[in-house]
Amino acid sequence: MKPLETSTVAEKSDADRVQRSLYSRLPAGVREILPPLVGLLLLMAVFFVFAPTFRQWVAMTDILQNSSVLFIMSTGMTVCLIAGCLDLSVGSIFALVSVVAGRLMLDNAPWPLIILGGLTAGVLCGVINGLIVTKTGVPTLIATLGTLQIFRGIANMLGSGVDMSRFPAAFDLLGKGTWGPVTNSVIAFAIVWFILTKTKVGFHAFAIGGNQEVARLAGIPVNRSKVIYYCISGFMSALSSLVYTARVDFAHVNRGISYELWAIAGVVIGGTSMFGGVGSVGKTVIGVLIIRVLEAGLIHLHVQSFWQQVAVGVVIIVAVWLDFIQRRAREKA
């Protein structure tokens, strides 16, 4: 090798070491969300350049509004996926809670009872999911696919053909304007962040998702923890349903169809592993925003709706593929 070439290689090596050193000095939380955050910023930059209407403030507030319901639901899904669980029933829980709230409203229940009743229904659905998974040994995919049908059927029995509109004004504040949904999103974020980072239940989720058998041998109550994770998912699905119902001032049995797929997509695109043991609610914030920014940007570019679905689908596949590659790299390390 010529002296000049040797010098160039050495300079590149030094530059790489400096970059790695700077990256390693960043706080762990920042390093964790940096890759999806860069992706989100690049996506927004593209739409800022090519879609003039995307730059308007109203476009940003619309994205925040449209992100809030999906994000709240996705926080619960984040906990489940970190623990190596899967909850396909969240869309049906969303519908059932909406119907329960509507029924309570028709019975002239006060607005605090409407909220409490809806949240309780969501938690009970989570308990059912958790008990089925832990007591029967049925895989989470099949168990929650079954409860998806069960909860949707119950919602239809309770609310089919019933006019459940015109909720109390105090209840409607949950979803009013931009601040109602965003405030509830912040509350959901704070709850899940605290659970995952400050409690034993949260620490156990990473251990169970990393290796369930090792976690069991270490004395972690795996089955009890899983029931708790499904309860968290049910609670967040219920909260997202109440926010949406308050926003449109109307409960209906057909709410939440396919929401489970969007919730999983938001979590995985953000960087939480489908295989368990890795993830954070901060990543989920970015993942949900990527979905909504992509949808909104394509609308502002006047792209037809079916191409929007194709684009989101491609992003999901790429995200899972990258997750798979990272998992293999961790296993080899």
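The values are calculated or read from the model by the stated rules, or taken from the named source; none is laboratory data. Here the structure is a predicted model, which is why all the values come from computation and not from measurement. Virtual Cβ from ideal backbone geometry, glycine too; neighbours counted across all protein chains shown.
Of all the numbered requirements in (1) touching a residue at least 12 places away in the same chain (Cβ under 8 Å); (2) under 19 Å from the mean Cα position of the chain (by Cα), Ser225 misses one, and that requirement is (2). Residues in region 164-186 that are within 20 Å of the chain's Cα centre (by Cα), assigned to a helix (DSSP H, G or I) and in contact (Cβ under 8 Å) with a residue 12 or more places away in the chain: Leu174, Gly175, Gly180, Pro181, Val182, Asn184, Ser185. Scanning region 53-86 for residues that are touching a residue at least 60 places away in the same chain (Cβ under 8 Å), part of a helix (DSSP H, G or I) and not β-branched (Val, Ile, Thr) yields a total of 16. Taking residues in region 26-41 that are modelled with pLDDT under 70, and partners anywhere that are assigned to a helix (DSSP H, G or I) and surrounded by 15 or more Cβ atoms within 10 Å (Cβ to Cβ), the pairs with Cβ atoms closer than 8 Å and at least 6 places apart or on different chains are Gly29/Gly282.
Ser241 falls short of the stated requirement of being in contact with a Cys (Cβ under 7 Å, 6 or more places away or on another chain), buried (at least 24 other Cβ atoms within 10 Å of the Cβ) and among the hydroxyl-bearing types (Ser, Thr, Tyr). Evaluate the following for Val243: is it β-branched (Val, Ile, Thr), at pLDDT 85 or above and assigned to a helix (DSSP H, G or I)? Yes: the conditions hold for Val243. Going by what's in this entry, would Phe167 be described as in contact with a helix residue (DSSP H, G or I) (Cβ under 9 Å, 6 or more places away or on another chain), over 22 Å from Val278 (Cα atoms) and surrounded by 16 or more Cβ atoms within 10 Å (Cβ to Cβ)? Yes. Checking Gly219, Gly153, Gly209 one by one, the residue that is surrounded by 17 or more Cβ atoms within 10 Å (Cβ to Cβ) and either part of a helix (DSSP H, G or I) or of a type outside the set (Phe, Trp, Tyr) (or both) is Gly209 and no other.
This table checks each residue for (1) aromatic (Phe, Trp, Tyr); (2) in contact (Cβ under 8 Å) with a residue 60 or more places away in the chain; (3) assigned to a helix (DSSP H, G or I).
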| site | (1), (2), (3) |
| --- | --- |
| Gly256 | no, yes, no |
| Gly277 | no, yes, no |
| Val288 | no, yes, yes |
| Gly297 | no, yes, yes |
| Val318 | no, no, yes |
